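Trainee: Encoded as structure tokens, here's the structure I'll be asking about.
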Amino acid sequence: MKKNICLLILLGTAFVRGECQSTSTALSQNFKKLNWLQGTWIRTNSKGSQTGYEQWTKTSPSEYRGKGVTLQGKDTLFVEKLRILERENELYYVADVPENQKPVYFKLTEITDGGFVCENPNHDFPKRINYTVDKGKLKATISGNGDSINFLFEKKQSQ
């Protein structure tokens, strides 16, 4: 009887360890799919005389940090702090903007080599964020409540 209990505990531990390693491997693979995000992206569809950019850096094997900036000439109109990170075995896009008291978490619901989708149905707007990249061009779309806004970018070439 003791042998059977020990065997069950050993098998259960191996199963849990295998599940954790499998989840960890999947998260690691998904982070690798985001390598294209690194760098500075110059906004190409800003309004009027405004300019803008997003800048992303991989700060660890499980986190990207970014910032989005909108400028009017040399004046900064808007700054948002962005992150993509692992939390509770899930990936999240985190937006920290001045209008919100706390950062807003959007769960990544789809991730491919050419983009990702993240969602938070409980947030007022946006409820969904979609990034797609193709040949040095990035399209970020925020949407919800029947509205959507496209942000178009080109990757700044390293000098």
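Trainee: Does Asn122 satisfy being farther than 25 Å from Lys47 by Cα, out of contact with any His (no Cβ under 6 Å at 6 or more places or on another chain) and at pLDDT 95 or above?
Mentor: Details: farther than 25 Å from Lys47 by Cα: yes; out of contact with any His (no Cβ under 6 Å at 6 or more places or on another chain): yes; at pLDDT 95 or above: yes.
So Asn122 fits the description; yes.
Trainee: Can you report the number of residues in the range 70-85 which are buried (at least 16 other Cβ atoms within 10 Å of the Cβ) and more than 12 Å from the chain's Cα centre (by Cα)?
Mentor: Count: 3.
Trainee: Which residues, taken from the range 30-51, are crowded, with 16+ Cβ neighbours inside 10 Å and assigned to a loop (DSSP other than H, G, I, E, B)?
Mentor: Answer for the range 30-51, where residues must be crowded, with 16+ Cβ neighbours inside 10 Å and assigned to a loop (DSSP other than H, G, I, E, B): Leu34, Ser46.
Trainee: Return a yes/no flag: does the range 77-92 have any residue that is at pLDDT 95 or above, more than 15 Å from Trp36 (Cα to Cα) and outside any strand (DSSP E or B).
Mentor: Within the range 77-92, none of the residues are at pLDDT 95 or above, more than 15 Å from Trp36 (Cα to Cα) and outside any strand (DSSP E or B).
Trainee: Suppose we filter the range 25-39 for residues that are of a type in the set (Gly, Ala, Ser) and at pLDDT 95 or above; how many remain?
Mentor: Final tally of qualifying residues: 1.
Trainee: Is it the case, given these coordinates, that Glu86 is over 23 Å from Arg43 (Cβ atoms), among the charged types (D, E, K, R) and free of Cβ contacts under 8 Å to residues at least 24 places away in the same chain?
Mentor: Details: over 23 Å from Arg43 (Cβ atoms): yes; among the charged types (D, E, K, R): yes; free of Cβ contacts under 8 Å to residues at least 24 places away in the same chain: no.
No, not satisfied.
Trainee: Can you tell me which of (1) in contact (Cβ under 8 Å) with a residue 12 or more places away in the chain; (2) within 14 Å of Tyr93 (Cβ to Cβ); (3) surrounded by fewer than 18 Cβ atoms within 10 Å (Cβ to Cβ) is the one Ile111 doesn't meet?
Mentor: (3)
Trainee: Just give me the residues in the range 135-153 being surrounded by 15 or more Cβ atoms within 10 Å (Cβ to Cβ) and either closer than 9 Å to Trp41 by Cα or in contact with a Ser or Thr (Cβ under 9 Å, 6 or more places away or on another chain) (or both), in sequence order. Give the steps one after another, and end with the answer.
Mentor: Residues of the range 135-153 surrounded by 15 or more Cβ atoms within 10 Å (Cβ to Cβ): 138-144, 151-153.
If the condition is that a residue be surrounded by 15 or more Cβ atoms within 10 Å (Cβ to Cβ) and either closer than 9 Å to Trp41 by Cα or in contact with a Ser or Thr (Cβ under 9 Å, 6 or more places away or on another chain) (or both), then Leu138, Lys139, Ala140, Thr141, Ile142, Phe151, Leu152, Phe153 are the ones that fit.
Trainee: Residue check, Ala95 against (1) of a type in the set (Gly, Ala, Ser); (2) assigned to a strand (DSSP E or B); (3) within 17 Å of Lys156 (Cβ to Cβ), all met but one. Which one?
Mentor: Answer for Ala95: the failing condition is (3).
Trainee: Oh, and also: Output the residues belonging to the range 132-159 that are in contact (Cβ under 8 Å) with a residue 24 or more places away in the chain and not in a strand (DSSP E or B).
Mentor: Listed by number, the residues that qualify are Lys156, Ser158.
Trainee: Exactly one condition in (1) surrounded by 16 or more Cβ atoms within 10 Å (Cβ to Cβ); (2) among the charged types (D, E, K, R); (3) not in a strand (DSSP E or B) is false for Asp124; which is it?
Mentor: (1)
The values are calculated or read from the model by the stated rules, or taken from the named source; none is laboratory data. Not measured: the values here are computed from a predicted model. Please note: Cβ atoms are built from the backbone with ideal geometry, for glycine as well, and neighbour counts cover all protein chains shown.
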